[in-house]
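Working notes, beginning with the structure itself.
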Amino acid sequence: MANVKMDEWLNGRLDKTKESGLHRQLKTMHSAPCSKVVINGRNQLVFSSNNYLGLANDERLVYAAETILHEFGVGSSGSRLTTGHTEWHQKLENKIAAFKQTEAALLFSSGYLANVGVLSSLPEKGDVVFSDQLNHASIIDGCRLSRADTIIYNHVDMKDLEEKLKDSDSYRRRFIVTDGVFSMDGTIAPLDQIMTLARSYGAFVIVDDAHATGVLGENGRGTSEYFGVSPDIVIGTLSKAVGAEGGFVAGSRVLIDFLLNHARTFIFQTAIPPSICAAAYAAFEIIEHSKEKRRLLLSRIKQIKNSLEKMGYTVKGDDTPIIPVIIGDTYKAVAFASRLQEEGIYAPAIRPPTVAIGESRIRLTVTADHSLKEIDHLLSSFHLIGKELNVISEAALL
Ligand SMILES: *Cc1c(COP(=O)(O)O)cnc(C)c1O
C-alpha cells in the first residue's frame, strides 16, 4: 500500500529532478557484460562498461567462483570479525598486498565502502583532508563523515594544492586524497608531484585506484607503478578491471590492523562471498600476465582518441580507458547519445552538475575486448552524428 502523503511529497521532489533534466532510469541488460549486449530489448555495442580487460565474463573467473561456490555456499553469513572470514578472504588479501607491493591489504564489500571506511576513521578532529575537486562521490561522502576538515583543491592543480598546504599550519595532520584515474575526465592524477608536495609538507597520501588497477603501469599495479611512487594508502575496487565485486585497502600492516579495528564500514558489514574472492584471486593471476592485453587496450585508446580529434572533436583526459568527448550543450549531448543508440552504440551523455556547464559530453570507455570492427563502427557513427548535429564540420574526414 502506497502512502499518498509520502508519494505526493516525493513526486514534488522528483519533478524538480525531471525539470533539471537529471531524472535517471534503469536499463535492463539481457546478457553478460561483453562488448555486444541486448539492452532494453535492443542490440547494442557497449562503450561504457568498466570491464576493461574483459575479465567479468572470463571463463577462468566463472570456473573459480563456481568451484568455491559449491564448496562454501552462497552467502558468507557473517561479518569478517565474526564468522564471515574464510581462507579465500585471506588468500585474496595476501594476493592484493603482493600485487600492490604493500605489507598488507583489507577487503571491503565495495570500493565505495573502502573509501568511506578509511576517510571516516583515519583523519581525526583537528586534521585536514585536501581533496581534488573531481574526486569520486565515495571520497566526498567519506570526507563528510570524517571529523577532520576538508579543503577542496582545483582539479590536478598542483599550484593550488601547494598554496592550500602552505596555509594549513593550524592543523595537526594533513592528508591528500585523490582518484588515480578520474572517472568523468579520464585524467591521471600527477601522483609523482603529489608525493613530492606531500613529503615537503608532511602530508599522508591516499589514492583511489578504482579505474587504474589492472590498467596502468607495466604490470597493471596502478598509478603507483605508473609513476614509480609509493603512496601511504591505496584504495581500489574489484568491480572494474578485476571483473568481480568488492573493494580493498592496501598499505602497512599497522594501517590494516587499525582499519580492521576502527573502520565502521568494515566492522559492521557482512563479508563478501568466498566464491567472489576466488574469482578475484583468479583475476589477479591473469592480470599479472596480461601485458599484451594492456598494450592492446592502450593502442585501442590511442586509436579512438586520435581519430576523434582528427574529425574535430575535443577529447579530454590522458591515455586511459575513459574517453570523454565534449559535445558542449546539454540537450545536444543527450540527443547525441540517443542517436548513438539508434546506431547500436551505448554510451551515456554526462551533464551538469556532474560536469561543468557547457562541458556536457559523451563518456566513452573502451575495453581490450572491443574488436577493430566495433571501433570502426563507433568512429563512423561519431563522424555521421557529429555532422548531423553540427558538432564537427561538414568537411570533417573519417
Ligand atoms: C567505481 C569507483 C568507486 C566505487 O567502487 P565500487 O566497488 O563500485 O563501490 C570508488 N572510487 C572510484 C574513483 C570509482 O570510479
> Of Gly247, Gly251, which residue is within 15 Å of Asn115 (Cβ to Cβ), away from the ligand (no atom under 15 Å from the Cβ) and in the same structural domain as Gly126 (by TED's automatic domain parsing)?
Replying inline: Gly251
> Is there a residue being of a type in the set (Asp, Glu), in a helix (DSSP H, G or I) and closer than 25 Å to Leu297 by Cβ anywhere in segment 364-374?
Replying inline: yes
>> Could you tell me how many of the residues in segment 265-285 are within 28 Å of Ala189 (Cα to Cα) and either over 19 Å from the mean Cα position of the chain (by Cα) or open to solvent by 20 Å² or more (accessible area, probe 1.4 Å) (or both)?
In response: 4
> Out of (1) in a loop (DSSP other than H, G, I, E, B); (2) within 14 Å of the ligand (Cβ to nearest atom), what's the single condition that is false for Gly220?
Replying inline: (2)
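Residues checked against (1) touching a residue at least 60 places away in the same chain (Cβ under 8 Å); (2) closer than 23 Å to Gly344 by Cα:
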{"residue": "Val4", "(1), (2)": "no, no"}
{"residue": "Leu14", "(1), (2)": "no, no"}
{"residue": "Leu26", "(1), (2)": "no, yes"}
{"residue": "His30", "(1), (2)": "no, yes"}
{"residue": "Val38", "(1), (2)": "no, yes"}
{"residue": "Gly41", "(1), (2)": "no, yes"}
{"residue": "Phe47", "(1), (2)": "yes, yes"}
> So, in segment 29-57, of the ones that are open to solvent by less than 20 Å² (accessible area, probe 1.4 Å) and within 21 Å of Gly220 (Cβ to Cβ), which residue ends up farthest from the ligand (Cβ to nearest atom)?
Replying inline: Ser35
> Given the residues Ser170, Ser120, Ser146, which is the only one that is among the small types (Gly, Ala, Ser), away from the ligand (no atom under 16 Å from the Cβ) and out of contact with any strand residue (DSSP E or B) (no Cβ under 8 Å at 6 or more places or on another chain)?
Replying inline: Ser170
>> Just checking: which of the strands (runs of 3 or more DSSP E) contained wholly in segment 69-167 hold 2 or more residues that are in contact (Cβ under 8 Å) with a residue 24 or more places away in the chain?
In response: 104-108, 128-132
> What is the one condition in (1) open to solvent by less than 50 Å² (accessible area, probe 1.4 Å); (2) hydrophobic (A, V, I, L, M, F, W, C); (3) without any contact (Cβ under 8 Å) to a residue 60 or more places away in the chain that Ile375 does not satisfy?
Replying inline: (3)
> Among the residues of segment 49-68, how many are in a helix (DSSP H, G or I), touching a residue at least 60 places away in the same chain (Cβ under 8 Å) and under 24 Å from the mean Cα position of the chain (by Cα)?
Replying inline: 4
> Of all residues in segment 196-217, which are touching a Phe, Trp or Tyr at 6+ places or on another chain (Cβ under 8 Å) and either assigned to a helix (DSSP H, G or I) or away from the ligand (no atom under 15 Å from the Cβ) (or both)?
Replying inline: Ala198, Ala203, Phe204, Val205, Gly217
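The values are calculated or read from the model by the stated rules, or taken from the named source; none is laboratory data. Because the structure is a prediction, the values reported are computed rather than measured. As a convention, Cβ positions derive from the backbone with ideal geometry for all residues, glycine included, and neighbour counts pool all protein chains shown. Note: accessible area is taken over every heavy atom of the protein model, side chains too, but ligands, DNA and RNA are not part of it. Shrake-Rupley method; radii C 1.70, N 1.55, O 1.52, S 1.80 Å.
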